[in-house]
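Written below as structure tokens is the structure these notes are about.
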Amino acid sequence: MSTDQKTRTAGAPATSPNALRTVCRAAFIWVIVFIAFHVYWYFGGTFGFGDASATVPQTKTVGDWVFAVVISGMFLVGALVPFALHRPWGRAVPRWILHCCTWTGAALLLVRGVAGVVDTVVRDTGLLKNGLMGMTEEQVSGDAHPSAYTQWSGTTIDLYFALGGVLFALAALWYRRSLAHHVAA
């Protein structure tokens, strides 16, 4: 049986190590920009939030603090996973953990991004007055009549989440294909 036949029988076509490395680097860069914006907003920056006056949610309860810690942990994992998929040290991490983290990241980011875009579209077109989530424009943006800058900022953030989801999904798919290639080789 040829190598190509073995690869096909492993369940997925092979991918080059360069393709995996490229998509993993793109996912890493996505995470770094994502984290950089969150640090900027934490210190009071407002660019990217339109006319919002406050960009950091208040942490008043233990639940708020737990949520903040979990999200911070997800930032760290999100930065490490793309490299673990293609670097030698990543082989020490069980494959199922890498698959789980990558697919979970892809799913969360895609759901967040696509839902945000769809929510905006159905609210702005009048299809659903209060969008998918049942929230008014004022509840979403803090203003009953937000500026174009605020609306575009929100849509850009939603699209950025969707882009991250696509990058993590591609990384997961290409990681699986690279494993199939190594099994067949």
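Could you list the trypsin sites (Lys or Arg not before Pro) in region 100-176 that lie in coil according to DSSP, counting only those with at most 11 other Cβ atoms within 10 Å of their Cβ? Walk me through the numbers on the way to the answer.
On the way: sites: 112, 123, 129, 176; in loops: 129.
Answer by residue number: 129.
Just grab the label-to-label distance for residue 127 and residue 144, each label 7 Å out from Cα along the Cβ direction, in nm (one decimal).
2.6 nm
Kindly report the accessible area of region 82-185 per residue (heavy atoms of protein chains, probe 1.4 Å, no ligands, DNA or RNA), in Å². Walk me through the numbers on the way to the answer.
On the way: 6090 Å² over 104 residues.
Here the residues of region 82-185 average 59 Å² of exposed surface.
Mind giving me the nanometre distance, one decimal, between the label points for residue 46 and residue 99, set 7 Å out from Cα along Cα→Cβ?
About 4.8 nm, to one decimal.
Summarise the accessible area of region 47-185 (1.4 Å probe, protein heavy atoms) by the percent that is carbon and sulfur. Write out the running numbers ahead of the final one.
Numbers: 6050 of 8610 Å².
On region 47-185, the fraction of accessible area on carbon and sulfur atoms equals 70 percent.
Please return the longest range in the chain lying between exposed loop sites, taking chymotrypsin sites (Phe, Trp or Tyr not before Pro), DSSP loop only, at most 13 other beta-carbon atoms within 10 Å, and leaving the sites out. Working shown, then result.
Working: sites that count: 43, 47.
Free of exposed loop sites, the longest segment is 48-185.
Compute the helix-to-body angle for 95-124: its Cα long axis versus the longest principal axis of the chain, expressed 0 to 90° and rounded to tens.
30 degrees
The values are calculated or read from the model by the stated rules, or taken from the named source; none is laboratory data. In this text the structure is predicted, and so the values were computed from the model without any measurement. Note: ideal-geometry Cβ built from the backbone for every residue, glycine included; neighbour counts use all protein chains shown. Surface accessibility is based on the protein's heavy atoms, side chains included, excluding ligands, DNA and RNA. Shrake-Rupley method; radii C 1.70, N 1.55, O 1.52, S 1.80 Å.
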